[in-house]
1. Need pairs with beta-carbon distance below 7 Å; first residue assigned to a loop (DSSP other than H, G, I, E, B) and within segment 326-342, second surrounded by fewer than 18 Cβ atoms within 10 Å (Cβ to Cβ) and at pLDDT below 95; sequence gap 6+ or separate chains.
2. Only one of (1) at pLDDT 95 or above; (2) surrounded by fewer than 24 Cβ atoms within 10 Å (Cβ to Cβ); (3) over 24 Å from Thr141 (Cβ atoms) is not met by Ala64, so which one is it?
3. From (1) outside any helix (DSSP H, G or I); (2) modelled with pLDDT of 95 or more, pick out the condition that doesn't hold for Ser274.
4. Among the numbered criteria (1) more than 15 Å from Val152 (Cβ to Cβ); (2) without any contact (Cβ under 8 Å) to a residue 60 or more places away in the chain; (3) surrounded by 24 or more Cβ atoms within 10 Å (Cβ to Cβ), which one does Ala287 miss?
5. Looking at segment 113-156, which of its residues are part of a loop (DSSP other than H, G, I, E, B) and among the hydroxyl-bearing types (Ser, Thr, Tyr)?
6. Return the residues of segment 323-345 that are open to solvent by less than 20 Å² (accessible area, probe 1.4 Å) and farther than 13 Å from Ala105 by Cα; say none if nothing qualifies.
7. Anything in segment 303-323 that is of a type in the set (A, V, I, L, M, F, W, C) and within 16 Å of Gln148 (Cα to Cα)? List them, or say none.
8. If the requirement is being surrounded by 18 or more Cβ atoms within 10 Å (Cβ to Cβ), out of contact with any Cys (no Cβ under 6 Å at 6 or more places or on another chain) and of a type in the set (A, V, I, L, M, F, W, C), which of these qualifies: Leu320, Leu250?
Amino acid sequence: MIRTHFGAVAIAVIAAVSGCGEDKKVQASGKLTIAIGSVAPLTGGIAHLGKDNENGARLAVEEANAAKIKIGGKDAAFELVSQDDQADPKVGTTVAQKLVDAKVAGVVGHLNSGTSIPASSIYSQAGIPVISGSATNPKLTEQGFKTQFRVVGRDDQQGPAIASYLAATTKPKLAAVIDDATAYGEGIANEVEKTLKAAGVNVLPRERGTDKTTDWKAVLTKVKGRSPDAVFYGGMDATAGALLKQGRELGIKAVFSFGDGACTDKMNELAGDSAEGLLCSQAGIPAQAASKKFLDAYKKRFNVDPILYSPFTYDAANILIEAIRKADSADPAKYLPVLQKLEFAGATGKIAFDGKGDRSDAEMTIFTIKGGKLEPIAIIKGGKTVSYRDFIAQAGEQKSGEAAKK
């Protein structure tokens with residue numbers, strides 16, 4: 001494995017900025033401009049999450065430029081050009097083709113599985129590496145594309161994690177599972193349902209809405225009539241907040257649980273007091289458990305704390321640039337073999353990819369909302385559950401040990 005502790009690497013797209021349609025160019029000053037793309041929904045109901053993803057990538061680009069990296073003996077200038085896919089599969093493929101036509105060196109994105117999956121074939125045909133920091137549907141890396149990677153876990157890891165925790169801690173006898181009919185929402189709901197059934201929990205027939213649904217009363221009234229002990233919803237916070245709030249207004253007493261798309265502080269804003277006590281999962285460590293270096297730099301640069309997956313897009317961008325640096329080339333054909341074998345010490349921990357492009361040994365985190373704040377309560381890794389407090393303590397001991405060896 002190629003090992004590196006290089007901490008500042010980046011992402012960028014020069015497409016519309018340069019107008020030349022080249023992935024790299026030598027400026028009059030002798031600098032080599034390298035373009036890599038960033039794609040996320042920057043408008044619509046989950047624009048806050050898209051901006052968080054973009055911020056992580058942007059920070060990595062700016063740090064890479066400050067590090068004055070040389071590629072092929074020339075000073076490298078990384079440029080970030082961000083694309084808005086609106087969380088829409090059709091728009092996602094359109095912007096993917098734009099980036100391909102611009103001959104970008106690599107891409108960080110997309111945020112959603114529903115846009116990542118159709119876009120992945122476009123990048124694959126062009127031979128352009130793409131790393132997602134947030135798309136969790138297993139299909140993304142099951143297609144056999146050598147250019148597709150992700151630095152978060154998969155739904156077939158995350159779904160069992162939240163479902164197993166729910167089953168073990170609340171011991172429901174009957175559960176309702178609802179999804180938003182997207183690749184992400186349905187995918188994680190399927191995994192949760194399978195795991196609950198395997199744990200001996202009876203599961204009601206699936207209920208569905210869409211990723212635009214705001215009125216859940218008909219679905220919830222039907223669910224309430226069966227009196228479930230637990231409700232799981234696969235979807236994003238923009239729709240999950242309304243579902244949770246309306247469920248409580250209808251008098252549903254069940255424990256509500258969610259996947260990473262609804263595992264945000266915004267749930268408290270959208271659902272109010274109804275959010276108290278919910279359970280949810282994230283496919284990775286919590287943002288607040290990322291490296292202090294990243295957290296401090298992010299807050300200083302954007303004057304806000306990271307929301308969800310910006311530490312992962314930061315790592316994704318850094319990994320792309322580090323592969324380019326190691327290969328001493330921004331040509332995807334030359335740096336892709338390096339990327340596939342890279343072992344990287346990032347803001348979210350050690351990262352290496354398996355043969356499919358998935359992150360090896362990814363963690364899952366379980367959260368609750370307590371006192372109006374989203375709080376991590378447990379980490380699940382390799383099928384083992386430890387309290388968040390113990391996880392942080394162990395991580396601190398490990399870092400101290402590594403520091404002592406240096």
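The values are calculated or read from the model by the stated rules, or taken from the named source; none is laboratory data. Keep in mind it's a predicted model, so treat the numbers as computed, not measured. Counting neighbours? That spans all protein chains shown, and the Cβs are built from the backbone with ideal geometry, glycine included. Remember, those area values only see protein heavy atoms, side chains included, never the ligands or the DNA or RNA. Shrake-Rupley method; radii C 1.70, N 1.55, O 1.52, S 1.80 Å.
1. Short answer, once both residue conditions are applied: Asp328/Gly72; Ser329/Gly72.
2. Result: Ala64 fails condition (2) only.
3. Tallying (1) outside any helix (DSSP H, G or I); (2) modelled with pLDDT of 95 or more, Ser274 fails exactly one: (1).
4. (1)
5. Start the filter on segment 113-156 by keeping residues that are part of a loop (DSSP other than H, G, I, E, B), which leaves 127-129, 133-138, 143-147, 151-154.
Within segment 113-156, Ser134, Thr136, Thr147 meet the criteria.
6. Listed by number, the residues that qualify are Leu342, Phe344.
7. So in segment 303-323, the residues of a type in the set (A, V, I, L, M, F, W, C) come out as 304, 307-308, 312, 316-317, 319-321, 323.
Matches in segment 303-323: Phe312, Ala316, Ala317, Ile319, Leu320, Ile321, Ala323.
8. Details: Leu250 fails: surrounded by 18 or more Cβ atoms within 10 Å (Cβ to Cβ).
Result of the check over Leu320, Leu250: Leu320.
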